[in-house]
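For reference, the structure is listed below as structure tokens.
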Amino acid sequence: MNWYKLSQSDQLQKWVQTNFVEFPQYINWIVKTIRERGYNPTVTSAKIIKELLNQYNALKQRQEFPQRFHNINSFETLDELRDAVYPYKDLLPNASADDKKWAPKIRAQNDKEYKLYQQFEKDPQKMNKLYVTETAQQNDIFFVLRYDNNPLGAWRFTIENTVAHDKGISISKYFRRQGLGSMLGQESIKRLKTKGIKKIIAAAHSKSLPFVQRLGFQEEQSEYPGRFNLVLDL
């Protein structure tokens, strides 16, 4: 059986239980992550996942994670766990020269974002300081969610007559899973409607599909497995 068929089969649960006996509390998360993303369940991938989980547990014990990351289900994919455990690429084993060159700049940006997150968490008036701005560039329009003038996320669209084409939405990593994406999404849709937009067309992977559907988008048929076309009529 090839790795993809294994990742989609009932045998995956047995493979995970056999290879991760020291992580019984993470078994269901590992199964879900491999199945949803089609990761390769091999000896090598098991070793990598174990290293990530060991480092994750160590960071939790040292209380170097925000409290909301203390639940493994805060991470939807292995990539998200890796980015949290190794936020700077120069710390990764066998890091490239380019990684080591650019890592200090990435680290400085991440440290700045984390300090802003700490400020946001302690601010009792934080929800009153959130607002959305918009910027137009040729046929594109950007809606930016801000806190106290600091950008936390953005949604970009390309406008074609009365149709808006989704070009990507993102929220700063420390501010995810707090409802800010939905806040930005709802406000962006409302503003597009006032501009005469009649339809929004979007594409999503299985990971982001529930979020887009919560905004009212309806799924249409896609020719690519694991990718979904969606439409929202305004």
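Since every read-out is calculated from the coordinates, none of them should be taken as a lab result. These numbers were taken from a predicted model, which means no experiment stands behind them. Because the Cβ atoms are built from the backbone with ideal geometry, glycine has one as well, and the counts that use them run over all protein chains shown.
Computed over all pairs of different Cα atoms, the Kirkwood value for the hydrodynamic radius of the stretch 127-233 is 14.3 Å.
With a cut-off of 9 Å between beta carbons, the residues surrounding residue 119 carry a summed charge of 0, where Lys and Arg count +1 and Asp and Glu -1. Taking each of 50/112; 112/193; 112/198 in turn, the alpha-carbon distance tops 32 angstrom for 112/193; 112/198.
Provide the gained length on full extension for the span residue 139 to residue 11, in nm with one decimal, where the gain is 0.36 nm per separating residue minus the Cα-Cα distance. Intermediate values should be presented prior to the final figure.
On the way: separation 128, 0.36 × 128 = 46.08 nm, distance 4.94 nm.
Stretched out fully, the residue 139 to residue 11 stretch lengthens by 41.1 nm.
Determine which residues of the stretch 19-35 fall in the zone a paramagnetic label at residue 61 would reach in this model, i.e. backbone nitrogen under 20 Å from the point 7 Å along Cα→Cβ. Flagged as within label range: 20-27.
Once the Cα-Cα distance is subtracted from the 0.36 nm per residue extended length, the residue 146 to residue 48 segment shows a gain of 31.6 nm. Each of residue 163 and residue 213 was given a label point 7 Å from its Cα along the Cα-to-Cβ line. The distance between the two points is 2.4 nm. Cβ-Cβ distance of residue 79 and residue 198, R₀ of 35 Å, FRET efficiency by 1/(1 + (r/R0)^6): the value works out to about 0.45. Near the amide H of residue 153, within less than 5 Å, lie the amide hydrogens of 145, 172, all on another chain or at least 5 residues away, with H placed in the peptide plane.
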